[in-house]
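Engineer: Dropping a structure here in structure tokens format, bear with me for questions.
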Amino acid sequence: MFVSLTSEKFRRLFLTFIMLSCVLPVLIMIFIIYHYTAPMLEPYQLDALRGVFNIGILCMLVVQGLGSLLLLVWVNSFEDLTREMEYLSSSHLQGGSDAVEKSGNELTKLNTIFNRLNQELQSKIQQVNEHASEMQKVTAQVNAIACTDDLTGMYNRRYFKQKLAEASRRADKLEHSVWLMRFEINDFRQHTEKRADLLLEQIGKVARKNLTREALPFRIGRNDFAIILSDCDGKTTARAASQLSGAINSHEFKDTTGLSLGAITISCGIANYRNNLQVLFNDASKAMAMAQQSGEQIAVAPTI
């Protein structure tokens with residue numbers, strides 16, 4: 001039958017055998033010398049050999065004893081390691097240490113423990129990744145809520161300042177163009193607050209539906225809207241403004257009862273970024289005012 005040093009019973013027997021194999025030869029040699037060799041020697045010979053003999057026997061016992069002691073310490077440390085690993089892992093492993101106890105020798109137990117701990121670690125890592133993914137989704141949702149206008153679904157004024165600053169920095173660094181479109185709803189004050197809220201909500205839907213992904217729509221005031229367009233020219237910006245204005249003109253705005261809110265039009269002003277955000281905003285505002293005064297739906301800043 002095959003036996004292994006990692007078997008606890010065999011290890012005990014092996015340790016006992018090693019200790020006996022170290023001590024028995026010395027005891028047998030002492031017995032032979034004192035009972036057979038010593039009687040044959042003269043007294044002066046015995047006196048001369050006694051010191052050397054005793055030192056030799058002592059050295060042999062010390063060396064063999066140290067070897068046995070080191071082997072015993074190694075065996076005990078190995079068993080202590082196994083017991084310590086079993087104790088520490090029992091509180092972390094699912095199902096306790098039943099599977100470990102059913103394992104064979106210490107090496108098999110340690111291998112079982114490490115495999116189980118690795119499985120637990122991988123499971124915890126997967127749980128952490130799942131929680132991190134959920135946190136990222138929640139964070140994205142919170143960020144979306146924080147930068148979105150509740151009424152129109154457009155981005156809010158705070159996010160407008162952030163994105164306009166980012167677009168200007170990118171334009172300064174890469175020499176890209178940035179265009180700003182501002183627009184207001186004409187005759188907005190003639191609507192009651194409730195009807196105005198309904199109108200703003202529907203304006204937001206129409207704008208988000210008819211603008212491209214590159215155009216970022218913002219509501220920056222009660223009746224004040226802005227759209228940032230990056231990496232495009234004046235014609236593209238004017239075409240986007242015309243498309244938005246046409247969509248709003250053709251859309252039928254209704255209240256909660258289904259009654260029409262009337263013909264809705266907007267006045268747009270567009271301007272190009274010229275290395276100064278305040279100048280850009282002022283240019284777009286002036287162009288929008290020009291459109292309102294002239295009765296046209298779209299006006300371009302004269303500085304272009």
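Engineer: List pairs: first in the range 188-217 and modelled with pLDDT of 90 or more, second loosely packed, with under 13 Cβ neighbours inside 10 Å and among the β-branched types (Val, Ile, Thr), Cβ under 8 Å, 6+ apart or cross-chain?
Structural biologist: Hits for this filter: LEU198/THR256.
Engineer: Let me ask another. Please go through the range 127-166 and pick out each residue that is β-branched (Val, Ile, Thr) and in a helix (DSSP H, G or I).
Structural biologist: Applying the first criterion (β-branched (Val, Ile, Thr)) to the range 127-166 yields 128, 138-139, 142, 145, 148, 152.
Answer for the range 127-166, where residues must be β-branched (Val, Ile, Thr) and in a helix (DSSP H, G or I): VAL128, VAL138, THR139, VAL142, ILE145.
Engineer: Provide a single number: the residues in the range 137-162 that are surrounded by 17 or more Cβ atoms within 10 Å (Cβ to Cβ) and charged (D, E, K, R).
Structural biologist: Result for the range 137-162: 1.
Engineer: A further question on this structure: Provide a single number: the residues in the range 252-276 that are of a type outside the set (Lys, Arg) and surrounded by fewer than 17 Cβ atoms within 10 Å (Cβ to Cβ). Quick ask: steps written out before the conclusion?
Structural biologist: To start, the set of residues in the range 252-276 that are of a type outside the set (Lys, Arg) comprises 252-253, 255-273, 275-276.
Okay, now just the ones that are also surrounded by fewer than 17 Cβ atoms within 10 Å (Cβ to Cβ), so 252, 255-263, 265, 275-276.
Number satisfying all stated conditions: 13.
Engineer: Quick one: which residue in ALA165, ALA171 is assigned by TED's automatic domain parsing to the domain that holds ASN276, under 17 Å from ALA226 (Cβ atoms), of a type in the set (Gly, Ala, Ser) and within 31 Å of the chain's Cα centre (by Cα)?
Structural biologist: Working: ALA171 fails: within 31 Å of the chain's Cα centre (by Cα).
Result: ALA165 is the single residue among ALA165, ALA171 that is assigned by TED's automatic domain parsing to the domain that holds ASN276, under 17 Å from ALA226 (Cβ atoms), of a type in the set (Gly, Ala, Ser) and within 31 Å of the chain's Cα centre (by Cα).
Engineer: Answer yes or no as to whether ASP283 is acidic (Asp, Glu) and either over 47 Å from the mean Cα position of the chain (by Cα) or surrounded by fewer than 20 Cβ atoms within 10 Å (Cβ to Cβ) (or both). Quick ask: steps written out before the conclusion?
Structural biologist: Numbers: acidic (Asp, Glu): yes; either over 47 Å from the mean Cα position of the chain (by Cα) or surrounded by fewer than 20 Cβ atoms within 10 Å (Cβ to Cβ) (or both): no.
It is false that ASP283 is acidic (Asp, Glu) and either over 47 Å from the mean Cα position of the chain (by Cα) or surrounded by fewer than 20 Cβ atoms within 10 Å (Cβ to Cβ) (or both).
Engineer: Now for a different question. Mind counting the residues in the range 31-82 that are of a type in the set (Ser, Thr, Tyr) and over 26 Å from PHE14 (Cβ atoms)?
Structural biologist: Residues flagged as of a type in the set (Ser, Thr, Tyr) and over 26 Å from PHE14 (Cβ atoms) within the range 31-82 amount to 4.
The values are calculated or read from the model by the stated rules, or taken from the named source; none is laboratory data. Note that the structure is a prediction, hence the values are computed from the model and not measured. Methodologically, a virtual Cβ is constructed for each residue, glycine included, from the backbone with ideal geometry; neighbour enumeration extends over all protein chains shown.
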